[in-house]
Amino acid sequence: MTQEQFVEKIHLYTQNAKNLIEGDGGYNIQRGMAHVTSGYVEDLFALYLATKINRLDLQYLVDKVTSIRFSKNGKATKFKPDLSIINSENILTHYFDLKTNLGWNRDLASYLKTKNEFINKIKGKNAWIHFDKDNVQGIKISEKLKYKMVVVYGWNINREQMAQNIRIAKEYENVELFILNNLDENKILTIENEDFERLHTETLNLCN
């Protein structure tokens with residue numbers, strides 16, 4: 001799957017999300033809010049990265065809770081990456097958080113600070129993933145783990161805000177920010193090839 005195909009699939013799904021899934025049956029049924037697209041984007045992103053990495057020994061978990069305990073008798077802390085990747089040695093090497101856009105939080109400063117501190121806290125620790133009562137997978141968090149926020153569309157905030165968010169992300173050791181699409185000077189949506197390439201390179205490097 002190419003990056004153009006990835007973007008086009010999301011665009012088409014977003015357009016169709018405004019439709020009734022089962023049609024109107026000839027009745028006067030109309031949908032107001034579009035269907036949520038986040039689940040589809042998560043699934044597609046996992047498949048997209050898997051095709052780029054092209055390895056069968058890796059485990060891709062979409063929207064799956066991971067648990068960790070910071071003290072022997074302490075309460076478990078849970079976190080849920082939109083996509084995590086675990087290698088054949090049961091090491092969690094990738095933590096992706098997917099955002100369709102940044103309309104939910106245009107000022108990322110405090111949000112990224114919290115994520116940076118959390119990653120710093122869990123790196124190198126043991127954790128587990130519960131699938132069912134008879135299937136609990138013990139894992140270890142990579143010492144190189146980073147919180148990777150992947151924004152599909154960067155068009156809904158102004159250039160100054162976006163530039164500031166990018167600068168803030170670069171200040172944190174454990175944070176990476178990728179903007180996959182943005183508006184050019186003529187307000188035409190364009191693919192950010194540099195961020196796609198950076199995403200490919202950094203993901204592959206951590207898999208090796």
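Odds and ends about this structure:
- Inside the stretch 141-163, residues that are modelled with pLDDT of 85 or more and surrounded by 15 or more Cβ atoms within 10 Å (Cβ to Cβ) make up a count of 10.
- Residue 134 vs. criteria charged (D, E, K, R) and free of Cβ contacts under 8 Å to residues at least 24 places away in the same chain: yes
- Any hit, the stretch 90-112, residues being crowded, with 19+ Cβ neighbours inside 10 Å, over 18 Å from residue 149 (Cα atoms) and of a type in the set (Val, Ile, Thr): no
- Residue that is farthest from the chain's Cα centre (by Cα) [pool: residues in the stretch 159-179 that are assigned to a helix (DSSP H, G or I) and hydrophobic (A, V, I, L, M, F, W, C)]: 163
- Enumeration of residues in the stretch 140-155 that are in contact (Cβ under 8 Å) with a residue 60 or more places away in the chain and of a type in the set (Gly, Ala, Ser): 142
- Test: residue in the stretch 8-17 that is free of Cβ contacts under 8 Å to residues at least 60 places away in the same chain, under 26 Å from residue 81 (Cβ atoms) and not in a helix (DSSP H, G or I): yes
- In this entry, residue 74 is excluded by the filter for residues that are among the small types (Gly, Ala, Ser), within 23 Å of residue 154 (Cα to Cα) and modelled with pLDDT under 95.
- Here residue 31 does not qualify as loosely packed, with under 14 Cβ neighbours inside 10 Å, basic (Lys, Arg) and within 26 Å of residue 2 (Cβ to Cβ).
- Beta carbons closer than 8 Å, at least 6 apart along the sequence or on distinct chains, pair a first residue in the stretch 183-204 that is among the aromatic types (Phe, Trp, Tyr) and at pLDDT 80 or above with a second that is surrounded by 14 or more Cβ atoms within 10 Å (Cβ to Cβ) and part of a helix (DSSP H, G or I) for 196/3.
- Pick from the stretch 41-75, criterion surrounded by fewer than 12 Cβ atoms within 10 Å (Cβ to Cβ) and among the small types (Gly, Ala, Ser), ranking: farthest from residue 120 (Cα to Cα): 74
- Any hit, the stretch 53-65, residues being touching a residue at least 40 places away in the same chain (Cβ under 8 Å), polar (S, T, N, Q) and not in a strand (DSSP E or B): no
The values are calculated or read from the model by the stated rules, or taken from the named source; none is laboratory data. Since the model is a prediction, treat every value here as computed from it, not as a measurement. No Cβ is skipped: glycine too gets one built from the backbone with ideal geometry, and neighbour counts run over all protein chains shown.
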